[in-house]
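The block underneath contains the structure these notes are about, expressed in structure tokens.
Values quoted throughout were computed directly from the atomic coordinates according to the rules given, and no laboratory measurement underlies them. Note that the structure is predicted; figures quoted are calculated from it, not measured. Reconstructed Cβ throughout: ideal geometry from the backbone, glycine too, with neighbour counts over all protein chains shown.
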Amino acid sequence: MDFISLFDLNNQVKRTLKERFAEPVWVTAEIASIQENRSGHCYLELIDKPEGENNPVAVAKGTIWAFTYRMLKPYFETTTGRSLERGMKVLVQVEVIFHELYGFSLNIKDINPTFTIGDLERKKREIIEQLEREGIIDMNQRLELSLLPKNIAVISSPTAAGLGDFINQLERNSYGYKFHIKLFPAVMQGEKTTESVIAALDRIYEYEYLFDVVVIIRGGGAQSDLGCFDSYDMAANVAQFPIPVIAGIGHERDETIVDRVAFMRVKTPTAAAAFLIETFQDFDAHVEELRGDFVSGVKDLLLRENNRQKLLAVNLKRLTQGWLGGNANRLHLLSHRLEHSVQLYVYNRKGYFNTVYTRIVNRLNLLRERQGNQLSDFSVRVKQKCKSRFEKERHFIELAEMQMKYVDPKNVLERGYSITRLNGRAVRSVTEVKAGDVVETVVGDGKLKSRVDSVEIG
């Protein structure tokens, strides 16, 4: 019976593969997993799945060595606007490797971003078509935004630079408008983004009656981290959310699917804040326009009514004088009575319209005053909580200062301890000193110099 060792077998396989694949090969695959290590190398698991199926028919390990990865990564991200991530289809140039000990693997030499762009656009188009078939793609866009959207639910990372810009612009608006902002923290980049944003939407949904609008903020992130905002799950949740959603993801180049289904898309978080402030301005302008229209209408109505009554009085007076002829005295009396009645009627009508106008103006002013009081009360509560937190932090600092004073070397020396130095260095062991050495002893109130007569160990 003929046989060979496993090592010889693997060697033969290695030689065969090297001869068969002497040159690099372009291969299409899907990234099942990706990991970067500290040395800069990138390790991937590549799979191949038939269209429409979830089970892979082929699996291989791939490696992009650090030198190559440093060039390929920025090139891919700049071209596609996305980073390499799990679930992405890629076209890579690979060198087939077979090691006697570690087996089969692929050394990735190059990557074609154009192939990935095409696949991403295809997936994006399929998701949009699915949302259209389900009839939900414009559900959020059909909602009506509150005339005064002052209660705002914000989904963002607490450390996002765009969040600070958004809050500052609202709180420091030059018109004095008051907004109630509630942050619902979420991860805004990486694989957990979709899950985290959906969880934040679910928390907001529990209190939907408290909020007028939802703002998604992702200011300051990399362009390559936008892929999660093209997921079907996130887009479907945003599209079906019962409160208008403003997408302030912070990019201009590409439109994500979340941008497509949201009530409104803005380029930056600052633009989202500006839109909300403009909504308040539009409301004020509309109120002023209504007030002006009402005043003009009332004045015009009174003028027309006054002219009509005067015309009627003149015509009636003329007809009465012609019909009654010689009854001058009686006619004169009737004429005076008629004029008085007309003037009284006009005066009463003018008073009625003035009363109605005053009531409407007072009602509008009362409504704005109530809203201002509510927002002022909220501001007072926030200031009180901040003051309490500052007091706690000050107490903590005082305790820390007391602890530092306790461990101060000077205080230790004052309690009877001392430090012995030889040539400026602290003596930690008798083995560091020999007879005849001059040492310096530091006590609480000064220094002593002495010469060593003898050294005893133990």
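Neighbour counting of Cβ atoms within 10 Å sorts the residues Lys124, Lys449, fewest neighbours leading, into Lys449, Lys124. Here each label is just a point 7 Å from Cα along the line to Cβ, and for Thr28 and Tyr175 those points are 5.3 nm apart. Local charge for Glu278 was computed over the other residues whose Cβ lies under 14 Å away, with Lys and Arg +1 and Asp and Glu -1, and equals -1. Counting only alpha carbon atoms, the long axis of helix 6-20 and the longest principal axis of the chain meet at about 50°. At an R0 of 51 angstrom, the distance between the Cβ atoms of Gln343 and Lys182 translates into a FRET efficiency of 0.25. Sorted ascending by nearby beta carbons within 10 Å, beginning with the fewest, Glu339, Glu95, Glu456 become Glu456, Glu339, Glu95. Once you list every other residue whose beta carbon is under 12 Å from the beta carbon of Leu311, what net charge do they have if Lys and Arg are +1 and Asp and Glu are -1? Taking every Cβ under 12 Å from that of Leu311, the sum is +4.
Here the gap between Lys310 and Leu17, fully extended at 0.36 nm per residue and compared with their Cα-Cα distance, gives a gain of 94.4 nm.
Once you reduce segment 1-45 and segment 157-206 to the center of their Cα atoms, the two points are 47 Å from each other. The length gained by stretching the chain between Asp300 and Phe104 to full extension, at 0.36 nm per residue less their Cα-Cα distance, is 61.4 nm.
Tally Lys and Arg at +1 and Asp and Glu at -1 over the other residues with C-beta under 15 Å from the C-beta of Gln384: what net charge comes out? Its environment carries a net charge of +4. Note on the chain: helix-only mean residue ellipticity at 222 nm, from DSSP H runs of 4+ residues weighted -39500 (n - 2.57) and normalised by residue number, equals -17500 deg cm²/dmol. Cβ crowding within 10 Å, taken as a proxy for footprinting-reagent exposure, orders Arg304, Arg70 from fewest neighbours to most as Arg304, Arg70.
Here is the tail figure for segment 280-403: Cα pairs spaced more than 18 Å apart come to 74 percent of all pairs.
The aspartates and glutamates whose alpha-carbon is closer than 16 Å to the alpha-carbon of Lys387, local same-chain residues fewer than 8 away aside, are Asp377. Seen from all directions on average, the chain presents a Cα convex hull projection of 52.0 nm². Between Val57 and Thr79, what FRET efficiency comes out of the Förster formula 1/(1 + (r/R0)^6) with R0 = 25 Å and r the beta carbon distance, rounded to 0.05? Working from the Cβ atoms, E equals 0.30. Extension gain, His395 to Asp293, is 30.7 nm, computed as 0.36 nm per intervening residue step minus the present C-alpha separation.
Each peptide in 383-394, 172-183 receives the mean, over its residues, of other Cβ atoms within 10 Å, and ordering these scores from highest gives 172-183, 383-394. Relative to the longest principal axis of the Cα atoms of the chain, the long axis of helix 66-80 lies at roughly 10 degrees.
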